[in-house]
Every structure is written in structure tokens, then in C-alpha cells.
Amino acid sequence: MVELEKQLSQTKYNLGREYAKNGKKEEALKELNKALLLDTDNFLIRKQRCYIRYPEKFSQMIDIEWQQKQLEKEKAKEAQLKGDLVCGPEGCVIPGTRTLNDKSE
């Protein structure tokens, strides 16, 4: 991840937490969703979104099994939205085209 994207993700995460602390759930989720787009592997962002959406799952007995199922659902949905794109540090490969490392003509 590019350093600037990491910083932007962290800033949006912090803004989302501040919105949540002030009872602005929709604004919080909007910022957390933006943060997650920049850092899709960030578990803290995902957990904060779950906490805002389902606070009852974070009471005295934290429902870890439910959280793991939610994480699987989110990742499956994201993979479906992403489709066949394969992205890496060099960019994305468009289906039906050469790979990023394929230099042959």
C-alpha cells in the first residue's frame, strides 16, 4: 500500500470513530467504508463497522463466531464486486489482456 493511501485510510478511520463517538452512525459508516476501500485487509476498520452496525454483538459476551461469519460474507461480497480484476503493486490486469509481467509481443 502506498504510504499516502495508508495515511488517508487512517485519517478516515479516525474521522469515522469520532463520528461514532458523537452518535453520527451514518457518517461514521461512510468514512469507515472509504477507509476500508483504501486498506481492505485492515481488521480494525471492519471490526469498528460491525460495532456500529451491531452493538449487541459486542456486549458482555462477544460473539466471535458471528464476527468471523460476517467477515467471510464481507470479503465474499467484495471479491464479487471486484470481479475478475487482479490487482497488485503494478496495477490491475484486465481480463483477456496480458499479465503485468508479460513483456512478450
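Would you mind working out the magnitude of the charge dipole of the stretch 3-93 relative to its Cα centre, with +1 at each Lys and Arg C-beta and -1 at each Asp and Glu C-beta, to the nearest 20 Debye?
380
Would you please classify the overall shape of the stretch 3-93 from the alpha carbon gyration tensor, given that a ≥ b ≥ c denote the square roots of the eigenvalues, rounded means a/c under 1.5, and beyond that prolate means a/b larger than b/c while oblate covers the rest?
It is oblate, given that a/c is not under 1.5 and a/b is not larger than b/c.
Rounded to the nearest 0.05, what FRET efficiency do GLU78 and GLN7 have when you use their Cβ-Cβ distance and R0 = 35 Å?
In this case the efficiency is close to 0.95.
If I stretch the segment between LEU71 and LEU44 completely, what's the gain in nm (0.36 nm per residue apart, minus their alpha carbon distance), one decimal?
The span from LEU71 to LEU44 would gain 8.6 nm if fully extended.
Within a 10 angstrom radius of the beta carbon, how do PHE58, PHE43 rank from fewest other beta carbons to most?
PHE43, PHE58
Each value in this text was obtained by applying a stated rule to the coordinates, not by laboratory testing. Only a predicted model underlies this, so the values are computations on that prediction, with no experimental measurement involved. Don't worry about glycine lacking a Cβ; one is built from the backbone with ideal geometry, like all the others, and counts go over all protein chains shown.
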